[in-house]
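The values are calculated or read from the model by the stated rules, or taken from the named source; none is laboratory data. Please read these numbers as outputs of a predicted model, since none were measured by experiment. Neighbour counts run over all protein chains shown; Cβ positions are idealised from the backbone, glycine included. What goes into the accessible areas is simple: the full protein's heavy atoms, side chains included, and nothing from ligands, DNA or RNA. Shrake-Rupley method; radii C 1.70, N 1.55, O 1.52, S 1.80 Å.
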Amino acid sequence: AHGGEDEGPRVRGAPGATNVITSMSFIGNRTQKYAALDITNGVVQQPNNWFCIARGTGQTSNDARAEVFVRKDARLEIGQLNIGYGNGMSSPFPRASLIVDGGIVTALNEIFTLETGNGEAHVVVTNGGSFVSGNWNAPNAGWQMKNGSGGTSYVDISASSTGSAHYVSLRANTFLNVTGKSLFEADRTVPNGVNYERGNVTFDDSTLSSRLEGIDPLWFYGYGTNSFFVGQHGMTFHAKTGTDAALYAPV
């Protein structure tokens, strides 16, 4: 089945139920009205295609927003995730939100947080939620915060929650905040040879960790002008057992 919500809120999910979507999903698709999907329980699976939030939704003159909520007892399992995409619309300014409120979101392949030249994308992972890019084998598998110029992308991980990816790339005007006893796992934060890492990173009372052993990650370091902040409650820096911790020094 094709999944689409283009106007108003739609609630999906029941305890023990699994909803399988075999094609693409559009939460807000070329619309100038509010669109939302609230997954309250059970499992929503879409393993083979793109799950899109605010695809051509919103313009500079229109504040239409598209949102997806994944609640405490719910799981969203998808192939690829695209949050905020102009899709060829005139004066596109997508406003997209993914709120993982205690639930679990897993993308088997790429995650794009604002794949357009402007707009705003906001990912909130809170109350013990998890946001995971699950492809650990491909060299460029992971999570790209802002694939284009312009616009702003925020990812806020708080309240004992987890963010996890093989690599994470952060361009200008991106903000990654990990607070409140949360965990962020990444093996590297920019693919080798790519020179566009210019985001803003804050850790406060949380942990930065590798997922794999025996590799040399480039964590928020090296090619660009990232800003890295540690809040008043500090951070924990964790290397896997059996790995020389010195490999993980560059932050």
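Here are some notes:
- Length gained on full extension, residue 109 to residue 237: 43.4 nm, using 0.36 nm per residue less the C-alpha separation.
- Evaluating 6.51 cos²θ - 1.76 cosθ + 1.60 at θ = phi - 60° for every residue in the range 114-123, the Karplus couplings come out as 6, 9, 7, x, 7, x, 8, 10, 9, 10 Hz, glycine and proline recorded as x.
- Calculated over the range 1-133: convex hull of Cα atoms, volume per residue (Å³): 85 Å³
- The heavy atoms of residue 24 offer some 50 square angstrom of accessible surface to a 1.4 angstrom probe.
- Efficiency of FRET between residue 63 and residue 212 - r from beta-carbon atoms, R0 51 angstrom, step 0.05: 0.75
- Residue 85 - accessible surface, heavy atoms, 1.4 Å probe, Å² rounded to 10: 90 Å²
- Phi-derived couplings, Karplus 6.51 cos²θ - 1.76 cosθ + 1.60 at θ = phi - 60°, listed residue by residue for the range 37-54: 10, 10, 8, 9, 6, x, 10, 10, 10, 9, x, 10, 7, 7, 10, 10, 10, 6 Hz, with x used for Gly and Pro.
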